[in-house]
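To keep things clear, I will list the structure first and then write my remarks on it.
The values are calculated or read from the model by the stated rules, or taken from the named source; none is laboratory data. Everything quoted here is computed from the prediction, not taken from an experiment. Counting neighbours? That spans all protein chains shown, and the Cβs are built from the backbone with ideal geometry, glycine included.
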Ligand code: UD1
């Protein structure tokens with residue numbers, strides 16, 4: 001358990017580097033078992049989910065170590081094809097090991113993955129795509145057993161929805177397939193492009209990531225790969241929302257503004273001054289925002305669902321009414337309940353949330369319900385008057401590397417203390 005203490009009201013000023021992307025590093029770490037090889041990853045954020053993935057790799061018999069911002073994985077000694085429930089339940093992206101282990105071993109045994117509770121998060125699209133490649137997929141209780149009798153066979157797969165995880169799983173499994181695989185209606189997120197870059201370095205003939213059609217046509221594994229993890233667009237968006245809400249001037253370096261243009265558009269409509277280069281963003285805010293145009297979450301390049309909670313936090317005091325429509329996850333407004341404790345005026349009707357801007361927010365005790373909701377509560381607390389204590393069941397450290405340190409360096413009055421479960425603070 002982590003307890004965050006925030007004294008709101010400080011404006012944010014200064015320059016901060018954006019961390020490596022959680023949603024890029026996790027599937028790439030899973031991909032490192034595709035073939036016996038050594039992988040060195042750079043710009044790896046220090047996150048709980050990365051540590052859990054290192055434990056999964058060690059369980060599989062790989063060497064997996066961290067040193068500074070690098071992670072080193074040697075998958076030559078991989079000796080198992082199963083992942084126990086105790087590790088699977090820690091994070092959703094553990095399911096990406098399914099395609100990777102199937103490709104490497106011809107059989108994978110996993111239990112259903114965990115992750116943030118954002119509504120039902122089935123893996124039917126992942127399993128259907130693997131079946132299309134010829135895998136025999138069985139679900140028993142909470143377990144998934146996936147077997148390739150003989151070789152997997154490349155084919156044309158049309159995803160009914162551009163699921164990020166299903167796209168990644170099929171990219172990995174298709175590396176082991178005979179013949180060509182074409183994935184239609186693939187997810188187009190920048191993290192998919194980063195995975196493709198890693199796979200190309202590993203020796204896969206894969207093209208098309210970033211468009212709706214990805215083609216995988218063979219794999220000649222190399223023995224060693226080096227890869228630098230892409231910058232985290234959601235962490236960047238969260239920091240910008242914090243500065244927009246409190247007022248101040250912030251520069252983000254090692255950022256790729258092209259990856260979060262929709263968020264920049266909303267912040268600009270809200271009255272922030274924004275300047276970008278290809279690798280940096282500068283945002284200036286008076287802290288007195290106006291409601292931006294309606295925000296509708298969609299698969300990339302639409303507005304990212306993961307940036308919806310922090311942007312909502314930034315709009316709580318914006319003049320007028322901001323309307324959010326959440327199209328990706330059904331249970332993604334739990335932060336709104338907590339915002340009301342700060343004095344926010346939020347009403348929710350199904351997928352739509354209406355935020356009527358209030359003059360001021362007042363610090364209050366809050367509880368984080370998931371990763372992005374927790375980060376959004378920090379954003380709201382920074383722009384509230386007085387003290388907020390946020391109880392966080394270690395959600396925020398799943399996705400944000402040194403968030404307290406980065407925000408404090410920008411002038412925020414924020415500190416966090418870690419408490420052993422059940423122990424004293
Ligand atoms: C990934 C991201 C997560 C982000 C999400 C949407 C990682 C590690 N996580 O999650 O941060 O919020 O993309 O951008 O990259 N669905 C099904 N059946 C499936 C798979 C998905 O119905 O088999 C549904 C989900 O329940 C959800 C929607 O499709 O409603 C989007 O899911 P998906 O794109 O697969 O997200 P994740 O890969 O889980």
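Which one is nearest to residue 23 (Cα to Cα) among residues in the range 195-214 that are out of contact with any strand residue (DSSP E or B) (no Cβ under 8 Å at 6 or more places or on another chain) and not in a loop (DSSP other than H, G, I, E, B)?
Restricting attention to the range 195-214, the residues satisfying the condition of being out of contact with any strand residue (DSSP E or B) (no Cβ under 8 Å at 6 or more places or on another chain) are 209-211.
Retained after the next criterion (residues that are not in a loop (DSSP other than H, G, I, E, B)): 209, 211.
Working: 209: 15, 211: 18 Å.
Checked the range 195-214; the qualifying residue nearest to residue 23 (Cα to Cα) is 209.
Given the residues 244, 236, which is the only one that is assigned by TED's automatic domain parsing to the domain that holds residue 297, under 26 Å from residue 40 (Cα atoms) and buried (at least 24 other Cβ atoms within 10 Å of the Cβ)? It would help to see each step written out before you state the result.
Details: 244 fails: under 26 Å from residue 40 (Cα atoms).
It is 236.
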Does residue 402 fit the bill of being in contact (Cβ under 8 Å) with a residue 24 or more places away in the chain and within 19 Å of residue 19 (Cβ to Cβ)?
-> yes
Consider only pairs whose beta carbons are under 6 Å apart and that are at least six residues apart or on different chains; among these, list those whose first residue lies in the range 372-388 and is on the phi > 0 side of the Ramachandran plot and whose second residue is surrounded by fewer than 24 Cβ atoms within 10 Å (Cβ to Cβ).
-> 386/362; 386/363
Specify the residue that is nearest to residue 130 (Cα to Cα); the eligible residues are those in the range 207-226 that are more than 24 Å from the chain's Cα centre (by Cα) and in contact (Cβ under 8 Å) with a residue 40 or more places away in the chain.
-> 216
What are the residues in the range 349-368 that are surrounded by 24 or more Cβ atoms within 10 Å (Cβ to Cβ) and out of contact with any strand residue (DSSP E or B) (no Cβ under 6 Å at 6 or more places or on another chain), if any?
-> 361
Scope the range 43-66; condition within 16 Å of the ligand (Cβ to nearest atom) and either touching a residue at least 40 places away in the same chain (Cβ under 8 Å) or farther than 19 Å from residue 81 by Cβ (or both); matching residues = 44, 45, 47, 48, 49, 50, 51, 52, 53, 56
Those residues of the range 136-158 which are buried (at least 21 other Cβ atoms within 10 Å of the Cβ) and under 28 Å from the mean Cα position of the chain (by Cα) amount to 144, 146, 157
Here are some conditions: (1) modelled with pLDDT of 95 or more; (2) closer than 26 Å to residue 399 by Cα; (3) surrounded by fewer than 23 Cβ atoms within 10 Å (Cβ to Cβ). Residue 330 meets all but one. Which one does it not meet?
-> (1)
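So, in the range 105-124, how many residues would count as being part of a helix (DSSP H, G or I) and modelled with pLDDT under 95?
To start, the set of residues in the range 105-124 that are part of a helix (DSSP H, G or I) comprises 105, 124.
If we keep only those that are modelled with pLDDT under 95 as well, we get 124.
Of the residues in the range 105-124, 1 are part of a helix (DSSP H, G or I) and modelled with pLDDT under 95.
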How many of the residues in the range 333-350 are over 12 Å from residue 312 (Cα atoms) and assigned to a loop (DSSP other than H, G, I, E, B)?
-> 3
